[in-house]
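Enquirer: I have a structure here, written as structure tokens, and I will follow up with some questions on it.
The values are calculated or read from the model by the stated rules, or taken from the named source; none is laboratory data. Note that the coordinates shown come from a computational prediction; the quantities given were computed from them, not determined experimentally. Cβ placement follows ideal geometry from the backbone for every residue including glycine, while neighbour counts extend to all protein chains displayed.
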Amino acid sequence: MMKAPGPDAAPMEHLEHQLWQLLGARAKAVGPARFRRLARLTVRHWPTETLERIRTAGHWQGAERKKVGRILAARVRETYEATDGVTPAWPIILEGTVALIWVCLCDYHAREEGFRLHAANLSRWVARNGLE
């Protein structure tokens, strides 16, 4: 079980906890450590500028966003496997978990200006602080 972060925790830790709660049983099946890695990798590879272009052009429901999601999932998998090794769990549960994290973050991106403004900062935070 992922514990709620304290008030002084980094914004990324608060986002991870929100995602953990949203994904419920799926997050628990993956486990806190792997879930944290997948969430951080997704944020690290978050396509801020591309998604903003898609959103402002009015193509949010179109194929462009779905294509960007597939590219992001491939980057997350590549990085995950480079650090943790190839695992048979990827197509069984991890790939779907990344897809659900993507959907949640796309929802944040579409409706919350605060998320759009801070997504790049979150990505840099992950780059500096790592995946653990």
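Enquirer: Residue check, V86 against (1) out of contact with any Pro (no Cβ under 8 Å at 6 or more places or on another chain); (2) part of a helix (DSSP H, G or I), all met but one. Which one?
Expert: Just one mismatch for V86, condition (2).
Enquirer: Say we look at region 74-130 and pick out the residues that are of a type in the set (D, E, K, R) and in contact (Cβ under 8 Å) with a residue 24 or more places away in the chain; which of these is surrounded by the fewest Cβ atoms within 10 Å (Cβ to Cβ)?
Expert: For region 74-130, the residue satisfying everything is D84.
Enquirer: Give just the number: which of (1) among the aliphatic types (A, V, I, L, M); (2) without any contact (Cβ under 8 Å) to a residue 60 or more places away in the chain; (3) in contact with a Leu (Cβ under 8 Å, 6 or more places away or on another chain) does L23 not satisfy?
Expert: Unmet for L23, out of (1) among the aliphatic types (A, V, I, L, M); (2) without any contact (Cβ under 8 Å) to a residue 60 or more places away in the chain; (3) in contact with a Leu (Cβ under 8 Å, 6 or more places away or on another chain): (2).
Enquirer: Scan T42, T48 and give me the residue that is within 16 Å of T79 (Cβ to Cβ), among the polar types (S, T, N, Q) and surrounded by 13 or more Cβ atoms within 10 Å (Cβ to Cβ).
Expert: T42
Enquirer: Of the numbered conditions (1) buried (at least 17 other Cβ atoms within 10 Å of the Cβ); (2) of a type in the set (V, I, T); (3) free of Cβ contacts under 8 Å to residues at least 40 places away in the same chain, I71 fails exactly one; give the number of that condition.
Expert: With respect to (1) buried (at least 17 other Cβ atoms within 10 Å of the Cβ); (2) of a type in the set (V, I, T); (3) free of Cβ contacts under 8 Å to residues at least 40 places away in the same chain, I71 is out only on (1).
Enquirer: If the Cβ limit is 6 Å and pairs must be 6+ apart or interchain, which residue in region 30-58 that is over 17 Å from G114 (Cα atoms) and touching a residue at least 40 places away in the same chain (Cβ under 8 Å) pairs with which residue that is buried (at least 21 other Cβ atoms within 10 Å of the Cβ) and among the charged types (D, E, K, R)?
Expert: As it stands, the answer is R36/E16; A39/E16, since those pairs meet every condition given.
Enquirer: Let me ask something additional. So if I check each of A74, A99, which one is aliphatic (A, V, I, L, M), at pLDDT 95 or above, touching a Gly at 6+ places or on another chain (Cβ under 8 Å) and part of a helix (DSSP H, G or I)? So that I can check it myself, show each step before the final result.
Expert: On the way: A74 fails: touching a Gly at 6+ places or on another chain (Cβ under 8 Å).
Just one listed residue meets the conditions, A99.
Enquirer: Still on this structure, please answer the following. Considering only region 34-53, state which residues are of a type in the set (A, V, I, L, M) and modelled with pLDDT under 95.
Expert: Scanning region 34-53 gives a single hit, L51.
Enquirer: Scan region 1-54 for residues that are farther than 13 Å from W125 by Cα, touching a His at 6+ places or on another chain (Cβ under 9 Å) and in a helix (DSSP H, G or I) and jot them down.
Expert: Result: T48, L51, E52, R53.
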